[in-house]
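Worksheet: the structure to be examined is printed underneath.
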Amino acid sequence: DLDNDLDRTSESYYKMAISLERLGYKNEAYNFYLKIEKEFPSSKYYSNSLKSIFYILLLNKNNEGIVEYAEKLRNSEFEELIFVETGKYFYENNIDDTAEKYLKVTVDKYSNLDGIYYLARLYMKSSKYDDSIALLERIKEDENYRDEYYLYTGYIYFEQGKYKEVVSLLNGIENKLTVNLQPYYQLISRSAYNIKDYETSTKYYKLIAT
């Protein structure tokens, strides 16, 4: 039966592609994934093949291809994953309008934590501080982002001249986080100094030196 033959062919193409990719033959694997996309649109391996093509294009930093395949995977089971990857990639390559377009979907539709974090960073970079703070608030309870929450929220308050907020946010930070605390100490000691809270300023200034 023709359908079974098609299924078997697409399956053998897919298995071949996976094997080639594992051996490091990305371009050869890419061609098999492409065959599935072009010749077997109803194959159960279709979406997975599009996803694999996307990741190879991502590896090759093919901007047009990345967007093309992100769009092909829009509304698919992989949309959230692929849109986060796309947003992160364009954020890291300073193509901010494209980054924002994909990150916003991951935030609005999925409340994806990576999406929220990168969109917050993007807004911070373009001085949309209030938007950035609102997003950072959404990740502060997540232990993967606690360090970043305190650092970037403190930084934004400092940039906005909200020194009192910096001090109340970061006072006692040495008991909350285990990362390198030097940038946090810089923010709080300078902020405390600016509002003439010399006791707090001196305490953290001394910690900078140690």
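The values are calculated or read from the model by the stated rules, or taken from the named source; none is laboratory data. Given the structure is predicted, the values throughout are model-derived calculations rather than measurements. Please note: Cβ atoms are built from the backbone with ideal geometry, for glycine as well, and neighbour counts cover all protein chains shown. For the accessible areas, the whole protein counts, side chains as well, though only heavy atoms, and no ligand, DNA or RNA atoms are used. Shrake-Rupley method; radii C 1.70, N 1.55, O 1.52, S 1.80 Å.
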Inset, instruction - Keeping to the stretch 85-100, report how many residues are surrounded by fewer than 23 Cβ atoms within 10 Å (Cβ to Cβ) and in a helix (DSSP H, G or I). - result: 9
Inset, instruction - Check the stretch 59-68 and report whether any residue there is in a helix (DSSP H, G or I), among the charged types (D, E, K, R), open to solvent by 70 Å² or more (accessible area, probe 1.4 Å) and closer than 14 Å to residue 30 by Cβ. - result: yes
Inset, instruction - Specify which of the listed residues (136, 151) is open to solvent by 20 Å² or more (accessible area, probe 1.4 Å) and of a type in the set (A, V, I, L, M, F, W, C). - result: 151
Legend entry - Residue check, residue 37 of a type outside the set (Lys, Arg) and loosely packed, with under 15 Cβ neighbours inside 10 Å: no
Inset, instruction - Quickly run through the stretch 122-132 and pick out the residues that are surrounded by 20 or more Cβ atoms within 10 Å (Cβ to Cβ) and under 24 Å from residue 182 (Cβ atoms). - result: 124, 132
Inset, instruction - Answer yes or no as to whether residue 39 is closer than 20 Å to residue 106 by Cα and either touching a residue at least 12 places away in the same chain (Cβ under 8 Å) or not β-branched (Val, Ile, Thr) (or both). - result: no
Legend entry - Odd one out for residue 7, checked against (1) open to solvent by less than 70 Å² (accessible area, probe 1.4 Å); (2) part of a helix (DSSP H, G or I); (3) in contact (Cβ under 8 Å) with a residue 12 or more places away in the chain: (1)
